[in-house]
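Worksheet for the structure shown next.
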There are 2 protein chains.
Amino acid sequence: MADNAARARQELALLLRRLNVELDAVGQRFADRHGLNRTDVRALVAIMDAARRGEALTAGRLGEAVDLRSASVTALVDRLEKVGHVRRVRDPGDRRRVGLEMSDAAMAAGAEHFGGLAHDLVAAMEGYTDGELDVVRRWLEDMTAVIARHSRGEAES
Amino acid sequence: MADNAARARQELALLLRRLNVELDAVGQRFADRHGLNRTDVRALVAIMDAARRGEALTAGRLGEAVDLRSASVTALVDRLEKVGHVRRVRDPGDRRRVGLEMSDAAMAAGAEHFGGLAHDLVAAMEGYTDGELDVVRRWLEDMTAVIARHSRGEAES
DNA sequence: GTCGATAATCTCGATCGTCGAGATGTTACT
DNA sequence: AGTAACATCTCGACGATCGAGATTATCGAC
């Protein structure tokens, strides 16, 4: 039975990868619908997340978040600004900085797409008890910790 | 308490996204280490998965798997063949087809990187009971189903 | 205040991945 | 044989990204 148990755990790892693929496909679909590429979407998500935390992302910070050089960030922001998804806003306090604000239209589009997914996910969790969801949460946190270590190159065991 | 329950479920959705980001980072790291781009990695994974199922992927099938046109597939396979990760093998039965076989070196590199992750993930599941993992599996399958629907544009409710 | 150091952003030229259109070689059907 | 369907490859163009260097703004020392 130890074999069965190990196999069950491996299957969960595969399930996780399958989920990852599908989740990427959701992002790809959003990109296609709005004529954006993958980097643009990641940038919008980063700006959106920052906005949710009450911060206005600067161009430099955005570059760190999506791992692009300054030249590429300029081009990226140019693209997003041209189609009206973000605005450049000079920081009056430190006039070197350029803040990025999402337009209401972009915010609404993002909320419709990803918010709709979040809504359906929550709905699909209706049938679970609080105790079961606690188990899931603990498992997700454990797996994320392991994956995060690997993504930074700190192999384990 | 209904508020708390709803928030807990939303947090799980966010955890899932966080996990997705970290998992993508693992793939990115593998790409960096081997001088590949994201598409190349996706292609190698697709070939590897097919090999695991005992099938030899053709160039055309690979194009469908990674969603590229034939011209891009040719360039992709050229890149992978140049660095010795795959071989082109004409199908003797249907000589229009070009089969793709991974080199042992590439197979080993992939196994070391992603197999190591799988190993650590399984190890991190040691502390869970079979019953708990059943809950996790059910949850993962439910979430994947919802996400897959969204990735194909079939919105729900 | 003015000068050098620092920081954030932008411009320019080059490289590389992807695509569309069309060419080439292969198989299946009649 | 002749033709349609198929799989892959070649070619030219476009666009995203990068590295190096220029530009503009700020801060601290004197």
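Taking each residue of region A:90-118 that is of a type in the set (Phe, Trp, Tyr) and looking for partners that are outside any loop (DSSP other than H, G, I, E, B) and within 16 Å of DNA strand C (Cβ to nearest atom) with beta-carbon atoms closer than 9 Å, six or more apart or interchain, yields A:Phe114/A:Gly27. Of all residues in region A:24-45, those satisfying the criterion of being among the aliphatic types (A, V, I, L, M), within 11 Å of chain B (Cβ to nearest Cβ) and under 18 Å from A:Ala108 (Cβ atoms) are A:Val26, A:Val45. Taking the criterion of being among the hydroxyl-bearing types (Ser, Thr, Tyr) and free of Cβ contacts under 8 Å to residues at least 24 places away in the same chain, the only residue of region A:28-71 that qualifies is A:Ser70. Considering only residues in region B:48-86 that are within 13 Å of DNA strand D (Cβ to nearest atom), among the charged types (D, E, K, R) and surrounded by 14 or more Cβ atoms within 10 Å (Cβ to Cβ), the one that is nearest to the other protein chains (Cβ to nearest Cβ) turns out to be B:Arg61. Each residue in region B:1-20 was checked for being charged (D, E, K, R), within 22 Å of the chain's Cα centre (by Cα) and either at the interface with chain A (Cβ under 7 Å from one of its Cβ atoms) or not in a helix (DSSP H, G or I) (or both), and 1 pass.
Every read-out reported here was derived from the displayed coordinates using simple, explicitly stated rules and does not represent laboratory data. Predicted, not measured: the structure shown is a model, and the values here were computed from it. Backbone-built Cβ (ideal geometry, glycine too); neighbour counts: all protein chains shown.
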